[in-house]
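Beneath this line is the structure, given in structure tokens, with notes to follow.
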Amino acid sequence: DLYFKADSSLAVQEEDSDEIRVLIDEYVGADAVIFDDYLYTRLVDGNFVRIDVTAAEPQQEVLLTNVWAITDGQHIYYVDMTTNLFCRCAMDGTGAEQLLDKPVLPASINFDEEYVYFRLNTGERYNKGEDCFDLYRFPKNDPTKAEMIATLPEPIFEVYTVPGAGKLFVSVYVQQSYGDSYDVYVMGTDGSNPTKLEIPEY
């Protein structure tokens, strides 16, 4: 089945059907994923919710509030937007555990099959301060083993993973005289051989 935003609604087009059915009239989710019978999504108000897509009348069930969150289907990983502390919990929002003592930049968190990647939050301006150039990871099965794997020449912003590729793509903040822009580096998942991508202008 295909789930998508239609104007301000959450809709579904079921397999082998031409019909589009609205599940929720007012929907403001982003970065939605589906595991089992639930759609998990981050709302613009900072709530992380799940929606039982099999229910007769689907409702948004708030699991976490005031967070930046993502999920791999095993845990919900999130940064508390008040404290900037990095935590994880079960898929129903229970059993929260703090993963690190230092604050983490919310936009930087991502994961692959084995590791969670991130950079530290160094202050009000994400492109300033000590450690803003450093990329970290920890194994999902032992978050206490966090390690720095790379240092880039510009402040790190976002980390992208590609399942099965063995590569990370990391965007960095570049301050220009005419305004701000971003470069992208590609590297191994262990931080090896970081290489700036030359992206053609168009």
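Remark: for residue pairs LYS145/LYS167; LYS5/LYS140; LYS140/LYS167; LYS102/LYS167, the C-alpha separation exceeds 22 Å in LYS5/LYS140; LYS102/LYS167. Solvent-accessible area per residue in the range 74-197 equals 51 Å², computed with a 1.4 angstrom probe and all protein chains kept. Using R0 = 30 Å, the C-beta based FRET efficiency linking SER8 and ASP92 works out to 0.65.
A simple spin-label model places the labels of GLU113 and GLN74 1.2 nm from each other, with each point 7 Å out along Cα-to-Cβ.
So what's the net charge close to GLN13: Lys and Arg +1, Asp and Glu -1, counting the other residues with Cβ under 14 Å from its Cβ? That sum, taken over residues with Cβ under 14 Å, equals -4.
Computed over protein heavy atoms with a 1.4 Å probe, the carbon and sulfur contribution to the accessible area of the chain reaches 47%. For a Förster distance of 45 Å, can you work out the FRET efficiency between the beta-carbons of ASN141 and ASP18, rounded to the nearest 0.05? Given R0 = 45 Å and the Cβ-Cβ separation, E is 0.50. In summary, the aspartates and glutamates within cross-link reach of LYS128, defined as a Cα separation below 14 angstrom excluding same-chain residues under 8 places away, comprise GLU154, ASP180.
Charge dipole of the chain (Cα centre as origin; +1 on each Lys and Arg Cβ, -1 on each Asp and Glu Cβ, all else neutral): 940 debye, rounded to the nearest 20.
The values are calculated or read from the model by the stated rules, or taken from the named source; none is laboratory data. Bear in mind the structure is a predicted one, so any value in this text is a computation, not a measurement. Note that each Cβ is placed from the backbone with ideal geometry, even for glycine, and that neighbours are counted across all protein chains shown. These accessible areas exclude ligands, DNA and RNA; they are computed on the full protein's heavy atoms, side chains included. Shrake-Rupley method; radii C 1.70, N 1.55, O 1.52, S 1.80 Å.
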